[in-house]
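Notes to accompany the following structure.
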Amino acid sequence: MKTSSSTYQDTSIWRFFASVRLAVFLLITLAITSIVGTVIPQGESLQFYLETFGPNFFRIIKLLHLYDTYHSWWYLILLGLFSTNLVVCTLKRLPFTLKLYRRDNLSVDSGRLLKMPFKKEWEIKEELDNDSTQSIISAFKEVVGKFRERSDVDGGKLFLAERGKWSYWGVYGLHGSILIIFFGALVGLFLGFKGSVMLPEGEKIDQIVNRQSGEHIPLGFSVRCDRFYISFYDNGAPQEYRSDLTVLNDDKEVFHKSIVVNDPMEYRGVTFYQASYRAIPEVTVQVAKSATLHRSLTISAFQRALWPEEQLSFGLMQYQPNVHGKPAAQIWVGDQEGREGSFWLLKGNKKEFKKGENLYKISLTNAKQRYLTGLQVKKDPGVWIVWLGCTVLIVGFAIVFWVPHRRMWLWMGRRKGKITVILSGQTNKNKLQFEKDIKKIEKALDSSLGARQ
């Protein structure tokens, strides 16, 4: 009883995964859920979704990983179910395909030939000599090309011209291509990464940040932004921006490329896309403790500048490009004792500040905008597998829709006491062209048989 129950259960599971209805349901579900991945922006920070969609919908987005739909757990389950369904359907169909492929089409009697979709029968009044037989065979060969033959088939001789028998395997190319694409996507998911970085001019990075998790991803090499260019339209909108990038291995320059939107840089399988830019202020201050002890410091937004010998740190809090015709900056100053202070500086003017017992003079000597180039960084080792799958998919479609399995038979022998010639054929595609080829052979055979009919 246990063996019977187990067999029934296995059969039920097999039938479930071999169901065409399941395949249609999964295809529709994948299509609908893919729309979700298009409507909801992908790859943004969780804070972006909270601010954009509100706390209620944000909980759903976070639970179902809708911020990264195509890598979410439920989407991968759907792909797994569809892949299983595809494999089971393929295995189910395989014995029938093998039977068709192995079928001997030279084992066909004359009665069956006359039941083919395309057929023509000639009854000959007299016996066919060798020259007449060769003339009929030549007329057949002129149209069909190569053929096979077998003697003593239903008391006569049978000739078969067969083309495209291998086309039955085209559907397996389609099934296999989808599995290859899925596999390539999984390779990219588990072995690749996506991230971004804001890289200032003149600086380099050797890691990027995952936008969702905040995880730092090492690159295995360094990338430096040598220069950032930007041009504007008359209305002030950015027209084009470009980054000159240099790749360094052990501080040795190994590769250079200028990238713009839609023209990325690729190195060691990692692709850098020009995505955005940001302009930040950068000021230069002159700090003096005495006539002989002074230091020039460059301070950028979001960064600190240090005067190690005096154990002072400086930061840029605010920047105004035009105050009475001159740039102005609010400078923050701190020391090792934790004493802090801030003050405004106008270019060309000096100000004094005291830290402990020391008195310093500080002035704003220069101010400008500094650009940071925004790079999207992606590594997808599965992309070539996906391209291979797409190639196989196209070839599979071409075979399934345009490569027919054509069979043309010519039989000569005695049937019902009369010398008979039968021409018949069968095809699974492009029946119009096949009918034209049959007509050509009929016309050639009519001419060859002539008065013998």
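Please treat every number below as a calculation from the coordinates, not as lab data. Model, not experiment: these values are computed from the prediction. Counting neighbours? That spans all protein chains shown, and the Cβs are built from the backbone with ideal geometry, glycine included.
Here are some notes:
- Two numbers describe the Cα atoms of segment 377-453: Rg and Dmax, which are 23.1, 82 Å.
- Ignoring aspartates and glutamates fewer than eight residues from residue 92 along the same chain, the ones with Cα atoms less than 16 angstrom from its Cα are 10.
- Remark: the residue 152-residue 351 segment gains 60.1 nm on full extension, using 0.36 nm per residue and subtracting the alpha carbon distance.
- Angle in degrees between helix 46-63 and the longest Cα principal axis of the chain, rounded to the nearest 10: 50 degrees
- Our estimate of slack between residue 358 and residue 256, defined as 0.36 nm per intervening residue step minus the Cα-Cα distance, is 31.9 nm.
- Peptides 385-396, 292-303 ordered by average Cβ neighbours within 10 Å, highest first: 385-396, 292-303
- Contour excess over end-to-end distance, with Cα ends at residue 276 and residue 63 and 0.36 nm allotted per residue: 73.7 nm
- Per-residue ellipticity at 222 nm computed for the chain from its helices equals -12500 deg cm²/dmol, with DSSP H segments shorter than 4 residues left out and the rest contributing -39,500 (n - 2.57).
- Charge dipole (segment 242-357, unit charges on Cβ, about Cα centre) - positive-most of 284, 356, 329: 329
- Convex hull of alpha carbon positions in segment 280-369: directionally averaged projected area 5.4 nm².
- If you plug the beta carbon distance of residue 387 and residue 249 into 1/(1 + (r/R0)^6) with R0 = 30 Å, you get a FRET efficiency near 0.60.
- Take the Cβ atoms of residue 30 and residue 366, set R0 to 56 Å, and the FRET efficiency comes out at 0.45.
- Between the Cα long axis of helix 20-39 and the first principal axis of the chain there is an angle of about 30°, rounded to the nearest 10.
- Relative to the longest principal axis of the Cα atoms of the chain, the long axis of helix 431-449 lies at roughly 30 degrees.
- Inter-centroid distance (Cα atoms) of segment 56-74 relative to segment 306-381, Å: 42 Å
- Note on segment 77-193: Rg/Rh from Cα positions, Kirkwood definition for Rh, rounded to two decimals, is 1.25.
- Values of log10 I(q)/I(0), in the order q = 0.20 Å⁻¹, for segment 2-99 under a Debye, Cα-only, solvent-free model: -0.96
- Rg and Dmax [Cα atoms of the chain; Å; Rg one decimal, Dmax integer]: 39.1, 132
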